[in-house]
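Asks: Structure provided below as C-alpha cells; questions to follow.
The values are calculated or read from the model by the stated rules, or taken from the named source; none is laboratory data. Please read all numbers here as calculations on a predicted model, not as lab measurements. Cβ sites come from the backbone with ideal geometry, for glycine too, and all protein chains shown count toward neighbours. Only protein heavy atoms, including side chains, enter the accessible area calculation; ligands, DNA and RNA are left aside. Shrake-Rupley method; radii C 1.70, N 1.55, O 1.52, S 1.80 Å.
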Amino acid sequence: MTDDTALPDLPSLPSPPGSPSLPDLPALPTLGPVTRRVPPTGARREWQTAEVVEVRPETSQAVTLRLRLPAGAERHVPGQHYVVRVPREDGSWAQRSYSVASAPEPPSALAADGRRHLELTVERIEDGELSPVLHALQVGAPVTLRGPFGGWFVWRGDTPVLLVGGGSGVVPLMSMYRYWRDTGGAAPLRLVVSVRTRDDLYYRDELLAGDPAAVSVVHSRRAPDGDPRPPGRLDAATLRPLLVPDATCFVCGSTGFAEHASRLLVDLGVPAGDVRVERFGPS
Amino acid sequence: MSLFNPLGRRRTRDPRLPPGQYDAGDGFPVLTAEVSPRVDLKTWSLRVDGLVDSARTWSWPEIKALPGSTYDGDIHCVTTWSKLGTSFGGVSVDTLLEQTGVRPEATHIVAWSVTGYTTNLPLAHVTGGKAWIVWEHEGKPLPPEHGGPVRMLVPHLYFWKSAKWIGGIRLLDHDEPGFWETRGYHELGDPWTEQRYDGD
C-alpha cells in the first residue's frame, strides 16, 4: 500500500489486456479503462473501529460525523465510500454505505500520532436501520466500519470534471471539491448542487463562500431572496452554461434526480460514456 | 444499542435474508453506474457468441417467441437490500444455449450491456435453471431504470451480476473480470457468504 503525498501518484492499474476474449471476435463493449483496483493488494478490508471526534449538524436532517480512524488506515480517493454497521437485536448486523465527505488528508495534515480522520455525512431516514443510530452518536462513541471502497465514482484530481449533486448526493462530490480546492485547483472543476430550499443545502457556509465560478446552487422549491433563478427543477438552460469541456461528469442523487440530471447532460451533447452516476437514498 | 422497532420490525430474522441484508419490502432501489440508455426494441437484439457451436442473434420478436420461463423468489443487492418474493418473466439462458450449443472448452461467460457494462460469471452459474433473460417484473414490462426493456437475471448472486440492458453473452475458456469485478467488487458475489468486495 502506498501512502503518497498526492493522489495522482496513487498506484493506477494498467488497463486490463483489452478484453482479449477470443481472437476472431470483435472486442466486447466497455465503459472505459480501469482507473484503480480497490484495494490495490486484493486483500479483504476488515471491519475496524473508529471514534467519533466531532458531530456537526448540516441541516435539520443531516449530520456530519468526524471520525478518527485506527492506526494504519488507508487514504481514500475522493468519491469513495465506507460501509458502516451496527448490531441488530437478533444478533445480525445492519450495514449501509456512506460516502466520505472530507478530502483525503495529505500526510502533512495528519495528527502527530499519524492517525487519519475522515467525515461521513448521514441523512436521517425516519424508518432507517442505521441513520437514527448514527444520528444519536456523541463524541467518543465507537463506529464499526470498513473501507474505503469504490473504483468508478472516484476522481483523482487530474482531469476536468463537472460535479452534479442533488440533495444528499453532494456528499461524495464534496470530497472531490474539497480536495480540488485544498490542492490548488489545477484541473477545471465545476460543482452544481440542487436542493429544495437553502435550508436543505449541506456544507452551506463552505459552499456559499466558494468561488462562484466553480460552485452553483440551484433551488427547486424555494429560492432565497435575490436569487436571479426562479425555483425549479434543474434544467438544460441552467446546466448548459455550466458545462466543462472534455469533462467527466459525476452525477449523484436520488434515482429520480440521477436519471433526470444524467439525461439532461446527454441531451446537451455530453457523451454518455463521460457520465458516471451514483444513486443515493434509502437503499 | 437497541434497534428494536416497536412498530413492527421483525425480531426474528427472515430466513430468506442472507447475512448483512435487509428486507426492502415493496421497494426496488436502483443501482447503476452509468446513464440509463433508451433501448429501442425495434433495433435491439441479443447476441450469444464465443465458444458455442453456432453463434446467433435474436431479435425482440424472435426472443419473445421462445418458450417462456419465470423466476419467483428473492433478489439481493450488494448495497444490502434484498427484495423477497418477487417475480420476473422471460426466457431461460438454458434455452438460448440449447440453440447455440456449447463447446466443451467453455468455462465462463461475460454478459454485456448496450452501455458497455460487463460482468463475468462461471458458466455453471448461468446454466441448469439459474439464469434468465427477462423483460417482465411482477407481470409488467421491466422499466428502464431497472434494466428494461430486457436484462439478465442471475438471482442467486448479488444483483450486479444481473446485467441491465443486456446486449449479449459471450462464452469463454477463461475468466475475464467485468466492470465492477475490476473495480473492487468480488469475482463471484455469493450473498450467502457475503462475497461483496475483493478479498471477501
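Asks: Mind listing whichever residues of segment B:65-85 are outside any strand (DSSP E or B) and touching a residue at least 12 places away in the same chain (Cβ under 8 Å)? Break it down into steps so the answer makes sense when it comes.
Replies: Step one: of segment B:65-85, the residues outside any strand (DSSP E or B) are B:65-68, B:77-80.
B:Leu66, B:Pro67, B:Gly68, B:Cys77, B:Val78, B:Thr79, B:Thr80 - these are the residues of segment B:65-85 that are outside any strand (DSSP E or B) and touching a residue at least 12 places away in the same chain (Cβ under 8 Å).
Asks: Moving on to the next point. On the basis of being in contact (Cβ under 8 Å) with a residue 12 or more places away in the chain, open to solvent by 20 Å² or more (accessible area, probe 1.4 Å) and more than 14 Å from chain A (Cβ to nearest Cβ), does B:Ser92 make the cut? Walk me through it before giving the result.
Replies: On the way: in contact (Cβ under 8 Å) with a residue 12 or more places away in the chain: yes; open to solvent by 20 Å² or more (accessible area, probe 1.4 Å): no; more than 14 Å from chain A (Cβ to nearest Cβ): yes.
No: the conditions fail for B:Ser92.
Asks: Could you tell me whether B:Glu136 is in a helix (DSSP H, G or I) and over 12 Å from the mean Cα position of the chain (by Cα)? Outline the logic, then answer.
Replies: Details: in a helix (DSSP H, G or I): no; over 12 Å from the mean Cα position of the chain (by Cα): yes.
Criteria not met by B:Glu136.
Asks: Which residues, taken from segment B:31-63, are closer than 15 Å to B:Val93 by Cα and without any contact (Cβ under 8 Å) to a residue 12 or more places away in the chain?
Replies: B:Glu62
Asks: Which count do you get for residues in segment A:169-196 that are more than 12 Å from A:Ala103 (Cβ to Cβ) and open to solvent by less than 20 Å² (accessible area, probe 1.4 Å)?
Replies: 10
Asks: With respect to A:Gln48, determine if the residue is more than 9 Å from chain B (Cβ to nearest Cβ) and under 28 Å from B:Gly199 (Cα atoms). Spell out the reasoning first.
Replies: Details: more than 9 Å from chain B (Cβ to nearest Cβ): yes; under 28 Å from B:Gly199 (Cα atoms): yes.
Here the answer is yes, as A:Gln48 does meet what is asked.
Asks: For B:Arg38, state whether it is within 13 Å of chain A (Cβ to nearest Cβ) and surrounded by fewer than 18 Cβ atoms within 10 Å (Cβ to Cβ).
Replies: yes
Asks: Could you grab me the full set of residues in segment A:197-219 that are open to solvent by 40 Å² or more (accessible area, probe 1.4 Å) and either without any contact (Cβ under 8 Å) to a residue 60 or more places away in the chain or basic (Lys, Arg) (or both)?
Replies: Listed by number, the residues that qualify are A:Arg198, A:Arg204, A:Asp205, A:Glu206, A:Leu208, A:Ala209, A:Asp211, A:Pro212, A:Ala213.
Asks: A further question follows. Does A:Val193 fit the bill of being away from chain B (no Cβ under 14 Å) and farther than 23 Å from A:Val122 by Cβ?
Replies: No.
Asks: Another question, if that's okay. Give the residues of segment B:163-197 that are closer than 24 Å to A:Pro26 by Cβ, touching a strand residue (DSSP E or B) at 6+ places or on another chain (Cβ under 8 Å) and part of a loop (DSSP other than H, G, I, E, B), sorted by residue number. Spell out how you get there, then give the answer.
Replies: Start the filter on segment B:163-197 by keeping residues that are closer than 24 Å to A:Pro26 by Cβ, which leaves B:163-183.
Checking the rest, the ones that are also touching a strand residue (DSSP E or B) at 6+ places or on another chain (Cβ under 8 Å) come to B:163-181.
Listed by number, the residues that qualify are B:Ala163, B:Lys164, B:Trp165, B:Asp173, B:His174, B:Asp175, B:Glu176, B:Pro177, B:Gly178, B:Phe179, B:Trp180, B:Glu181.
Asks: Taking the criterion of being free of Cβ contacts under 8 Å to residues at least 24 places away in the same chain, under 29 Å from B:Gly25 (Cβ atoms), out of contact with any helix residue (DSSP H, G or I) (no Cβ under 7 Å at 6 or more places or on another chain) and within 14 Å of another protein chain (Cβ to nearest Cβ), would at least one residue in segment A:134-142 satisfy it? Show your work before the answer.
Replies: Step one: of segment A:134-142, the residues free of Cβ contacts under 8 Å to residues at least 24 places away in the same chain are A:136.
Right, trim to under 29 Å from B:Gly25 (Cβ atoms) and you get A:136.
Subsequent filtering for residues that are out of contact with any helix residue (DSSP H, G or I) (no Cβ under 7 Å at 6 or more places or on another chain) retains A:136.
Going one step further and asking which of them are within 14 Å of another protein chain (Cβ to nearest Cβ), we end up with A:136.
Scanning segment A:134-142 turns up at least one residue that is free of Cβ contacts under 8 Å to residues at least 24 places away in the same chain, under 29 Å from B:Gly25 (Cβ atoms), out of contact with any helix residue (DSSP H, G or I) (no Cβ under 7 Å at 6 or more places or on another chain) and within 14 Å of another protein chain (Cβ to nearest Cβ).
Asks: Let me ask you something else. Filter segment A:94-124 for residues that are within 14 Å of chain B (Cβ to nearest Cβ) and surrounded by fewer than 16 Cβ atoms within 10 Å (Cβ to Cβ) and give the result.
Replies: Of segment A:94-124, the ones within 14 Å of chain B (Cβ to nearest Cβ) are A:94-99.
Of everything in segment A:94-124, nothing turns out to be within 14 Å of chain B (Cβ to nearest Cβ) and surrounded by fewer than 16 Cβ atoms within 10 Å (Cβ to Cβ).
Asks: Also: Scan segment A:241-283 residue by residue and report those that are in a strand (DSSP E or B) and either surrounded by fewer than 16 Cβ atoms within 10 Å (Cβ to Cβ) or basic (Lys, Arg) (or both).
Replies: As a first pass, look at segment A:241-283 and keep what is in a strand (DSSP E or B): A:248-253, A:275-279.
Matches in segment A:241-283: A:Arg276, A:Arg279.
Asks: From the list B:Phe179, B:Phe159, exactly one residue is within 15 Å of the chain's Cα centre (by Cα), buried (at least 18 other Cβ atoms within 10 Å of the Cβ), under 15 Å from B:Pro18 (Cβ atoms) and within 13 Å of chain A (Cβ to nearest Cβ). Which is it?
Replies: Numbers: B:Phe179 fails: under 15 Å from B:Pro18 (Cβ atoms).
Exactly one residue qualifies, and that residue is B:Phe159.
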